[in-house]
Amino acid sequence: MLFPSILALVTVASAHGVVQKPHPRTPGAETSTACGKVLTDFYKADNTSYPEALVRSHPTFKPATSSCNPYLCRGYQFADNTANVYSYKAGEKVDFSVYIRIPHVGNANVSVVDAKANKVIGEPLKSWPSGYADGKQFPNLPKDQTQFSVTIPDLSGKCASPGDCVIQWYWFGQGQTYEDCVDFTFGSAPATSMRRGSRIAA
Ligand SMILES: *[C@@H]1O[C@H](CO)[C@@H](O)[C@H](O)[C@H]1NC(C)=O
Ligand SMILES: *[C@@H]1O[C@H](CO)[C@@H](O)[C@H](O)[C@H]1NC(C)=O
């Protein structure tokens, strides 16, 4: 029967997307150690892909160590990204640019996440409860879905050290999970090495 097989093809079609700005975590040697080279190679080949596709194409994939969670920052490790830590202050506006390569309608949000506990801190900074990356609107998605800004909340007492916290963009579109993470510190780093919103070496 032709129709059901076409349907099956449609249901496995992949969405794809990645945060372009601010510079998100990317995979390197530490990610290979923590997660396995399979994961690093997979995302180096296509940084817009997602963990469900990784498992589908590598059915025996398992994170190499417990410090890899493929559903937090795609598994990318802080240790590969110590040169890409931003410094933000309360009330600061941070501009995001998201590249949606292939749309799949779903919901999305941007939150501050405790990167060690994998826990959202406070309320989402931005939230699209439905209708995010709708294929019917693609490629003319509402500008607010791909070019937007978030305002840094008061995180006093939290996110003081590089690696503690990330701003996570989370998109869940029809069974496919996307998470990109921006490493940052809040406020209290030494004043000399900081400029507002600038990238600092960790
Ligand atoms: C993702 O890959 C594209 C194409 O290779 C590249 O231009 C882009 O900078 C990459 N983005 C990130 C965040 O690594
Ligand atoms: C953000 O979206 C994800 C994916 O749908 C959802 O699981 C999560 O609960 C949402 N987070 C918040 C803080 O709303």
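Which residues, taken from the stretch 84-137, are without any contact (Cβ under 8 Å) to a residue 60 or more places away in the chain and among the hydroxyl-bearing types (Ser, Thr, Tyr)? Break it down into steps so the answer makes sense when it comes.
Pass one, the stretch 84-137, residues without any contact (Cβ under 8 Å) to a residue 60 or more places away in the chain: 93, 111-112, 114, 116-132, 134-137.
Answer for the stretch 84-137, where residues must be without any contact (Cβ under 8 Å) to a residue 60 or more places away in the chain and among the hydroxyl-bearing types (Ser, Thr, Tyr): 111, 127, 130, 132.
Answer yes or no: is there a residue in the stretch 55-66 that is of a type outside the set (Lys, Arg) and open to solvent by less than 30 Å² (accessible area, probe 1.4 Å). First the steps, then the outcome.
Initial filter on the stretch 55-66 (of a type outside the set (Lys, Arg)): 55, 57-61, 63-66.
Now drop any that are not open to solvent by less than 30 Å² (accessible area, probe 1.4 Å), which leaves none.
Scanning the stretch 55-66 turns up no residue that is of a type outside the set (Lys, Arg) and open to solvent by less than 30 Å² (accessible area, probe 1.4 Å).
Would you call residue 121 surrounded by 13 or more Cβ atoms within 10 Å (Cβ to Cβ) and more than 10 Å from ligand 2 (Cβ to nearest atom)? Walk me through how you get there before you give the answer.
Values: surrounded by 13 or more Cβ atoms within 10 Å (Cβ to Cβ): yes; more than 10 Å from ligand 2 (Cβ to nearest atom): no.
Criteria not met by residue 121.
Of the conditions (1) more than 15 Å from ligand 2 (Cβ to nearest atom); (2) modelled with pLDDT of 95 or more; (3) open to solvent by 20 Å² or more (accessible area, probe 1.4 Å), residue 196 clears all except one; give me its number.
Here residue 196 clears every test but (2).
Would you check if residue 100 is open to solvent by less than 20 Å² (accessible area, probe 1.4 Å) and not in a loop (DSSP other than H, G, I, E, B)?
Numbers: open to solvent by less than 20 Å² (accessible area, probe 1.4 Å): yes; not in a loop (DSSP other than H, G, I, E, B): yes.
For residue 100, the condition - open to solvent by less than 20 Å² (accessible area, probe 1.4 Å) and not in a loop (DSSP other than H, G, I, E, B) - is met.
So, in the stretch 170-182, how many residues would count as being under 11 Å from residue 25 (Cβ atoms) and within 11 Å of ligand 2 (Cβ to nearest atom)? If you could, list the steps in order and put the result at the bottom.
At the first step, the residues of the stretch 170-182 found to be under 11 Å from residue 25 (Cβ atoms) are 179-182.
Filter again for within 11 Å of ligand 2 (Cβ to nearest atom), leaving 179.
Of the residues in the stretch 170-182, 1 are under 11 Å from residue 25 (Cβ atoms) and within 11 Å of ligand 2 (Cβ to nearest atom).
Looking at (1) within 16 Å of ligand 1 (Cβ to nearest atom); (2) more than 30 Å from residue 62 (Cα to Cα); (3) in a helix (DSSP H, G or I), can you tell me which one residue 94 breaks?
(3)
May I ask you to list the residues in the stretch 68-88 that are among the hydroxyl-bearing types (Ser, Thr, Tyr) and either at pLDDT below 95 or outside any loop (DSSP other than H, G, I, E, B) (or both)? Step through it out loud before you land on a result.
The initial filter retains those residues of the stretch 68-88 that are among the hydroxyl-bearing types (Ser, Thr, Tyr), namely 71, 76, 82, 86-88.
If the condition is that a residue be among the hydroxyl-bearing types (Ser, Thr, Tyr) and either at pLDDT below 95 or outside any loop (DSSP other than H, G, I, E, B) (or both), then 86, 87, 88 are the ones that fit.
Go through the stretch 22-54 and give me each residue that's within 9 Å of ligand 1 (Cβ to nearest atom), in contact (Cβ under 8 Å) with a residue 40 or more places away in the chain and open to solvent by 30 Å² or more (accessible area, probe 1.4 Å).
23, 26, listed by residue number.
Would it be correct to say that residue 51 is closer than 14 Å to residue 181 by Cα, in contact with a Phe, Trp or Tyr (Cβ under 9 Å, 6 or more places away or on another chain) and modelled with pLDDT of 95 or more? Show your work before the answer.
On the way: closer than 14 Å to residue 181 by Cα: no; in contact with a Phe, Trp or Tyr (Cβ under 9 Å, 6 or more places away or on another chain): yes; modelled with pLDDT of 95 or more: yes.
So residue 51 does not fit the description; no.
Mind checking which residues of the stretch 43-66 are touching a Pro at 6+ places or on another chain (Cβ under 9 Å) and away from ligand 2 (no atom under 16 Å from the Cβ)?
Result: 43, 44, 47, 54, 55, 61, 63.
Testing residue 58 on (1) over 23 Å from residue 132 (Cβ atoms); (2) at pLDDT below 95, one condition comes back false. Which one is that?
Failing condition for residue 58: (2).
The values are calculated or read from the model by the stated rules, or taken from the named source; none is laboratory data. Since the structure is predicted, the reported quantities are computational estimates derived from the model, not experimental observations. Because the Cβ atoms are built from the backbone with ideal geometry, glycine has one as well, and the counts that use them run over all protein chains shown. Note: areas computed on protein heavy atoms with side chains; ligands, DNA, RNA excluded. Shrake-Rupley method; radii C 1.70, N 1.55, O 1.52, S 1.80 Å.
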